[in-house]
1. Pull up the cross-link candidates among the aspartates and glutamates for Lys16, meaning alpha carbon to alpha carbon under 16 Å and not fewer than 8 places away within one chain.
2. Leaving out ligands and nucleic acids, and using a 1.4 Å probe, what accessible area per residue does the stretch 1-103 come to in Å²?
3. Please tell me the relative contact order of the chain in percent, rounded to the nearest whole number, where contacts are Cα pairs under 8 Å and at least six residues apart.
4. What are the ³J(HN,Hα) values, in whole Hz, obtained from phi via the Karplus relation 6.51 cos²θ - 1.76 cosθ + 1.60 with θ = phi - 60°, for each residue of the stretch 49-64 in sequence order, with x given for Gly and Pro?
5. Mind checking the full-extension length gain between Arg107 and Asp67? Use 0.36 nm per residue of separation minus the Cα-Cα distance, one decimal, nm.
6. Quick check: net charge around Glu35, other residues with Cβ under 14 Å of its Cβ, Lys/Arg +1 and Asp/Glu -1?
7. Taking N as the number of residues in the stretch 1-105, what is its alpha-carbon radius of gyration divided by 2.2 N^0.38 Å?
8. Could you work out the mean projected area of the convex hull around the alpha carbons of the stretch 67-107, in square nanometres to one decimal?
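The values are calculated or read from the model by the stated rules, or taken from the named source; none is laboratory data. Keep in mind it's a predicted model, so treat the numbers as computed, not measured. Please note: Cβ atoms are built from the backbone with ideal geometry, for glycine as well, and neighbour counts cover all protein chains shown. Only protein heavy atoms, including side chains, enter the accessible area calculation; ligands, DNA and RNA are left aside. Shrake-Rupley method; radii C 1.70, N 1.55, O 1.52, S 1.80 Å.
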Amino acid sequence: MKVFLSHGMHGVSEEKILKLREEMRELVKKSFPDEQIEIIDNYHHDDAPEGAGRLWHLGRSIQMMGDADLVVFCRGQGAANGVIIEERICRLYGIKHLYCIDDRLWR
């Protein structure tokens, strides 16, 4: 199962982002023990043109989200602009998604 992790990145250190992504990867694996989990790497955009801004990166993440079987909205991320947009896209396009609340995944 391909999983896209949605979380804010603007103004967050790489260390905190990588820690959150690892914690969420472990939670997804624990929540779906019978599934082979592949986390889509929407954090590193190696194809970004020089000087690519926040909107370019959000657009690329949305493209990558289209390949996901499941989108997981990470805990404490609801106010980030990109997260709000990704959630709206999930609702508009019927993409399966779950929310991390209290270290559990919920609909």
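1. Of all the aspartates and glutamates, those that pass the test against Lys16 - Cα under 16 Å, at least 8 places apart if same chain - are Glu26, Asp41.
2. That works out to 63 Å² per residue.
3. The normalised contact order for the chain reaches 37 percent.
4. Along the stretch 49-64, the couplings run x, 4, x, 4, x, 4, 5, 4, 5, 5, x, 5, 5, 5, 4, 5 Hz.
5. This chain segment gains 12.4 nm when fully extended.
6. In short, +1.
7. That works out to 1.02 for the stretch 1-105.
8. With the hull built on Cα positions only, its mean projection is 2.9 nm².
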